[in-house]
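The values are calculated or read from the model by the stated rules, or taken from the named source; none is laboratory data. Keep in mind the model is a prediction, meaning the values are calculated, not measured. All Cβ positions, even for glycine, are placed from backbone atoms using ideal geometry, and neighbour counts span all protein chains on display.
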Amino acid sequence: MWHAVISYFKFLFSSTNQHGVHSPFVYHLVTQCFYDQTVYKDYSKLISYREQLLQNDQVISITDLGPGSKTQPSNQRQVSTIAKTSGTPLKRSKLLYRLAQYFRPQNVLELGTSLGISTQAIALGNPDTQITSIEGCPKLSAFAKESLQNHKHITLLTGDFNSHLPDLNHQVFDFIFFDGNHTKSATLGYFETLLPTAHNDTVFIFDDIYWSKGMTEAWEAIKKHPQVTVTIDTYFWGFVFFRTEQAKEHFKIRV
């Protein structure tokens, strides 16, 4: 907990907005996507789904394959509690929607479906995208599959990430959202395994890069990787790009 708090204050002092960005690519992303104030009609669907979850008292037996929840030690959790304490917040759901709309990815991979909040946001942002989402907990996966059944371009897989990644690392992904098993070794392992799936315009997004000291160490190691050229640290997410036409540069942006 203290690591995240201290890291946040350090981030506030070292981060900037679009005025501190000299890369045209990053400046356009920040101004046209991160700071886009448009109230999109689909936001109502994001809000509606979240409200349904917050009112759902169904109890789910959670199988944690990672370090588990900091706030909910019991493996018996109400859907409403999961949505409130560990679900993607509405502000970030809207950002995911805008990111999918901005980048228009055709092939998306998500590690960590949970209740499907972020999955839905990406699907709404680009209805033409093909999304593969993996969830380690069978009960959560079943819940998300039922909840998202109207989205025909989503494929939900159940099980440990490592059991599915060998079948996926020969594909090409435009957008990968890493949101599961928040440990240093697992995060670096997933990154290395999925590097062959990236192309010049792929974006990797890592959730909770300051969740723990280990996660921050993983983030710093990823930034130094020779194939990584541009990174954006928003505190809650870390963005990774592989654009060979750009010099290596790291940004900290308040969103």
So for segment 141-152 (the condition being in contact with a helix residue (DSSP H, G or I) (Cβ under 8 Å, 6 or more places away or on another chain), of a type in the set (A, V, I, L, M) and closer than 24 Å to K84 by Cα), does at least one residue qualify?
yes
Considering only segment 146-185, state which residues are crowded, with 18+ Cβ neighbours inside 10 Å and charged (D, E, K, R).
D174, D179
Just to be sure, is T231 free of Cβ contacts under 8 Å to residues at least 60 places away in the same chain and crowded, with 20+ Cβ neighbours inside 10 Å?
yes
Report the residue count in segment 55-78 for those that are modelled with pLDDT of 95 or more and closer than 25 Å to Y210 by Cα.
0
Pull out all pairs, ordered by first then second residue, where Cβ-Cβ is under 7 Å, the residues are six or more apart or on different chains, the first lies in segment 155-170 and is on the phi < 0 side of the Ramachandran plot, and the second is in a loop (DSSP other than H, G, I, E, B) and modelled with pLDDT under 95.
D160/L65; D160/G136; F161/G136; F161/G180; F161/N181
Yes or no: G189 buried (at least 18 other Cβ atoms within 10 Å of the Cβ) and either at pLDDT 95 or above or hydroxyl-bearing (S, T, Y) (or both)?
no
Taking segment 236-247 and keeping residues in a loop (DSSP other than H, G, I, E, B) and either within 16 Å of S7 (Cβ to Cβ) or at pLDDT 95 or above (or both) leaves F236, F242, R243, T244, E245
Report, by residue number, each residue of segment 46-62 that is surrounded by fewer than 16 Cβ atoms within 10 Å (Cβ to Cβ) and either in contact (Cβ under 8 Å) with a residue 60 or more places away in the chain or polar (S, T, N, Q) (or both).
S48, Q52, Q55, Q58, S61
Could you check, for segment 71-79, whether at least one of its residues is touching a strand residue (DSSP E or B) at 6+ places or on another chain (Cβ under 6 Å), in a loop (DSSP other than H, G, I, E, B) and either among the small types (G, A, S) or touching a residue at least 24 places away in the same chain (Cβ under 8 Å) (or both)?
no
Can you pull out the residues in segment 81-109 that are in a helix (DSSP H, G or I), under 11 Å from the mean Cα position of the chain (by Cα) and within 17 Å of Q52 (Cα to Cα)?
S93
Scan segment 4-27 and report the pairs whose first residue is assigned to a helix (DSSP H, G or I) and whose second residue is at pLDDT below 90, with Cβ atoms within less than 8 Å and a gap of 6+ or a chain change.
Y27/Q18; Y27/V21
Which residues, taken from segment 116-170, are under 20 Å from F103 (Cβ atoms), of a type in the set (A, V, I, L, M) and assigned to a helix (DSSP H, G or I)?
I117, A121, I122, A123, L124, L168
With S48, S23, S14 as the choices, which residue is among the polar types (S, T, N, Q) and in contact with a Lys or Arg (Cβ under 7 Å, 6 or more places away or on another chain)?
S14
Kindly establish whether F206 is in a strand (DSSP E or B) and touching a helix residue (DSSP H, G or I) at 6+ places or on another chain (Cβ under 7 Å).
yes
Tally up the residues in segment 84-100 that are at pLDDT 95 or above and buried (at least 18 other Cβ atoms within 10 Å of the Cβ), please.
9
Filtered residues of segment 3-21 (kept if under 21 Å from the mean Cα position of the chain (by Cα), surrounded by 12 or more Cβ atoms within 10 Å (Cβ to Cβ) and within 19 Å of K213 (Cα to Cα)):
H3, A4, S7, Y8, F11
